[in-house]
Amino acid sequence: MEPTTYKYIGAGLATLGMIGAGIGVGNIFGSFLTGALRNPSAAASQIGNLFVGAALAEALGILAFVLGILIFSA
Amino acid sequence: MADPLHQFKIEKLVDLPDVTLPGIGTVDLAFTNSHLAMTIAFVAIIAFMSLVTANAKVVPGRLQGVGEQMFGLIDNLTSSIIGHEGRKFMPFVFTIFMFILAMNFLGLVNIPGVFHMFTATSQIAVTATFGVVTIALVLIVGFAKHGLGFFKLFVPGGVPWPLLPVIIPIEFASFLLRPLTLTLRLFGNMMGGHVALKVFAGFVGAAAIGGIGYLGILVGPLSFGMVTALTALEFLVAFLQAFVFAVLTTIYLNDVVNLGHGH
């Protein structure tokens, strides 16, 4: 294999970090739905927290994605 | 077929003469497609907000209602998170929110073959500027309000003292990561979304010209539906990322405004 091949494999491996972000974001929205269905009247007040939590969890996946792009275009 | 990253290429529309700055070196000045997208976003916001407030009535019409919704969203956000001092920071958060929102939405404007609007927020230089401006304001407000007491930000209240040597470096590192994550979240979301759109659009193109043979009959319509669904999702993401940026800006400001009794 040529050396650049390993670069592309590495870029692909780096983006695997997004799996964690996917699990995290799914967990947050799933838990929100569970809570919201138990007490729908309190759901509206927690929308802000929901998106902040999702954004924070997502940021770590985005870091992995950016690393992948960096390796890809290095 | 152009590769999916081609759309993020900066092109010079009007080349301006190079300028040599002392200490920095030669700067290549040009009016680029990124610059054009930001200018259009700026003009669109000014036009929209003037139109909304031009003929203000006590009972808002439809257009004024849209403007008031936007304004009320951010006003509610700052005053509910920061408290009674939130009003002071509302103009800053509102400006950032509207500018990012306009750039995100304008990036989705695409008239095939005629004109493709550049997504300014898919450039890390643009989002990094927003991140740096936000954190600079946090630092300025923190030092102006509390002086050296600003460093209490890294010492959360109610922590047993043996844990402090562990907690303080973690808090410090997380503070240093804030501008980085603000920058990369917006950049990564906009860039990732547009790459995904382009990849599926590429599948439709490959199927249409028969590049993948009879499999194209199956792949083409599926990918076309996927592009449509992703475009709808991108509109949601465009709003959500602008909102998340505004919420996080407000939270970071709240940390320094209500230092010591907020968390």
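Quick note: the coordinates plus some simple rules give every number you see, no bench work behind them. Here the structure is a predicted model, which is why all the values come from computation and not from measurement. In this analysis, Cβ positions are derived from the backbone assuming ideal geometry, glycine residues included, and neighbour counts consider all displayed protein chains.
Against the empirical 2.2 N^0.38 Å (N residues), chain B has a Cα radius of gyration ratio of 1.23. The protein assembly as shown: percent of C-alpha pairs farther apart than 27 Å? In whole percent, the share of Cα-Cα pairs in the protein assembly as shown beyond 27 Å is 57. For chain A, the longest principal axis of the alpha carbon atoms and the long axis of helix A:18-38 meet at an angle near 10°.
Taking trypsin sites (Lys or Arg not before Pro) as candidate sites, keep only those in a DSSP loop with at most 12 other Cβ atoms within 10 Å, then name the longest stretch of chain B containing none of them. Value returned for the longest uninterrupted segment is B:58-263. Against the empirical curve 2.2 N^0.38 Å, the C-alpha radius of gyration of the stretch B:197-263 lands at a ratio of 1.97. Compared with the dominant principal axis of the Cα atoms in chain B, helix B:124-146 is inclined by about 10°. Where a Cα-Cα gap under 18 Å defines reach, which lysines qualify for B:LYS88, not counting those fewer than 8 residues away within the same chain? Straight-line reach from B:LYS88, under 18 Å: B:LYS145. For the residues of A:54-61, the average number of beta carbons from a partner chain within 10 Å of their own beta carbon is 5. Considering only the Cα atoms of chain A, their convex hull presents on average a projected area of 5.3 nm².
Which residues in the stretch B:76-90 have a backbone N closer than 17 Å to a point placed 7 Å from the Cα of A:ALA44 along the Cα-to-Cβ line? The answer is B:76-77, B:80. In terms of overall dimensions, the stretch B:24-135 has a Cα radius of gyration and Dmax of 16.9, 56 angstrom.
Dividing the convex hull volume of the alpha-carbon atoms in the stretch B:140-208 by its residue count gives 124 Å³ per residue.
Its Cα centre serving as origin, the protein assembly as shown has a Cβ charge dipole (Lys and Arg +1, Asp and Glu -1) of approximately 580 debye. Given +1 at the Cβ of Lys and Arg, -1 at the Cβ of Asp and Glu and no other charges, the dipole of chain B around its Cα centre is 420 debye to the nearest 20. Counting, for every residue in A:42-53, the Cβ atoms of other protein chains within 10 Å of its Cβ and taking the mean gives 2.
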